[in-house]
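As structure tokens, the structure follows; a few thoughts come after it.
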Amino acid sequence: MKYIFDLHKTMLDNHLILVYEGEFNQEITKSVLAMAERNMDSSGEESSVKRKVFNVMVECLQNVVKHAEEVSNKHAAVFMVGKSDKEYIVISGNSISNENIDGLKGKIDQINALDKDGLKELYKSIIKNTEISDKGGAGLGFVDMARKSGKKLDYEFVELGDGSSFFCLRSSIERL
Amino acid sequence: MDILNLEGTEDTPKIMLDKGNGIFEISGRSLPEDSAEFYQPVLDWIDEYSKEANASTEFMFKLEYFNTASSKLILDVLSALEDIDGMTIIWYFHEDDEDMEEAGEEFSELVEIPFEFKTY
């Protein structure tokens with residue numbers, strides 16, 4: 001039973017206040033959001049910080065929901081929220097097919113290379129020209145996460161060896 | 001013309017479109033699972049309204065939060081309103097919500113409709 005304590009300690013060491021592993025859908029998204037909101041409310045978090053964290057969480061969760069079905073292996077997806085004195089961290093991890101890595105990397109690197117005004121222009125050019133995909137996305141999620149967090153998006157791909165990789169994405173939102 | 005009245009939920013906004021009483025309002029939170037499906041009745045209603053619109057229309061957005069998929073549909077709603085004469089958008093934002101203010105400004109730059117900004 002030591003893994004229980006180990007997991008507990010890992011969460012404490014990484015300042016994680018919420019971890020969800022398993023199936024992702026709209027109902028679960030709403031539950032996870034409600035839990036994180038309650039946590040921020042009970043700690044009396046600034047409303048502007050709360051709104052930004054909420055915003056980044058929604059885009060992150062809905063991204064996972066949209067892409068969760070693409071790869072069928074035992075690694076479904078994980079979502080975590082961390083909180084330290086200076087920032088909130090929103091993390092997701094989900095399996096993606098290796099052939100999608102380059103496209104995803106290119107997209108995030110492009111976003112990370114832009115400053116505030118550049119992100120605004122990118123957002124406006126995408127929203128003008130985009131169509132809602134059959135998965136329900138507008139192609140604006142990462143741009144919005146970068147804009148609202150005001151930070152670069154951290155990412156990593158962990159090779160799973162079956163033609164897929166685990167895509168880890170981490171955004172941080174400064175507390176005032 | 002029929003009134004379109006949808007109660008708000010935790011992930012969909014309240015919609016009140018009432019030509020007779022001159023109430024045109026989208027308010028609350030918008031992060032539906034399928035934003036295109038959710039906003040279709042709104043777009044259909046506006047399409048009907050455009051054929052027999054009031055002399056002037058104040059269309060109010062009072063959103064607390066919307067996700068990126070909704071932002072695309074909000075732009076579609078605004079584009080549909082753009083062709084109606086006498087249209088004004090009233091864009092409400094919470095007084096300390098700079099992001100919502102900026103979102104309204106960006107929409108106002110994307111369509112040719114006068115925007116009035118108000119805080120709550």
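The values are calculated or read from the model by the stated rules, or taken from the named source; none is laboratory data. For clarity, every value in this text was computed on a predicted model and none was experimentally measured. Neighbour counts are summed over all protein chains in view; Cβ atoms, including those assigned to glycine, are modelled from backbone coordinates with ideal geometry. For accessibility, only protein heavy atoms count, side chains too; no ligands or nucleic acids. Shrake-Rupley method; radii C 1.70, N 1.55, O 1.52, S 1.80 Å.
Okay, here's what the table says:
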read-out: For the stretch A:2-174, convex hull volume per residue from C-alpha positions, Å³; value: 130 Å³
read-out: Local net charge near B:Gly28, Cβ-Cβ under 11 Å (Lys/Arg +1, Asp/Glu -1); value: -2
read-out: DSSP beta bridges in chain B [antiparallel fraction, %, rounded to 5]; value: 30 percent
read-out: Linear extension gain, A:Asn100 paired with A:Glu23, 0.36 nm per residue minus alpha-carbon span; value: 25.6 nm
read-out: Förster radius 35 Å - calculated FRET efficiency between A:Glu70 and B:Phe115 (Cβ-Cβ, nearest 0.05); value: 0.35
read-out: Ellipticity estimate at 222 nm from DSSP helix runs (n ≥ 4, -39,500 (n - 2.57)) divided over the protein assembly as shown, nearest 500; value: -14500 deg cm²/dmol
read-out: Accessible area of the protein assembly as shown divided out per residue, in Å², using a probe of 1.4 angstrom; value: 50 Å²
read-out: Förster-model FRET efficiency, 22 Å R0, A:Asp41 and A:Lys151, C-beta, rounded to 0.05; value: 0.40
read-out: Carbon and sulfur %, accessible surface of the protein assembly as shown computed with the full protein complex present, 1.4 Å; value: 48 percent
read-out: Label point at B:Ser56 placed 7 Å out along Cα→Cβ; residues across the stretch B:86-115 whose backbone nitrogen lies under 14 Å; value: B:86-90, B:114-115
read-out: Cα shape, the protein assembly as shown, gyration tensor, a/c 1.5 rule; value: prolate
read-out: Size of the A/B contact, given as accessible area buried on both chains, probe 1.4 Å, in Å²; value: 2300 Å²
read-out: Number of partner chain Cβ atoms within 10 Å, mean per residue of B:62-70; value: 6
read-out: Protection proxy ranking of B:84-96, A:151-163 - average other beta-carbon atoms within 10 Å, highest first; value: B:84-96, A:151-163
read-out: Förster-model FRET efficiency, 25 Å R0, A:Glu159 and A:Ser84, C-beta, rounded to 0.05; value: 0.25
read-out: DSSP beta bridge pairing in the protein assembly as shown, given as percent antiparallel to the nearest 5; value: 70 percent
read-out: Residue mean of other protein chain beta carbons inside 10 Å, B:7-19; value: 1
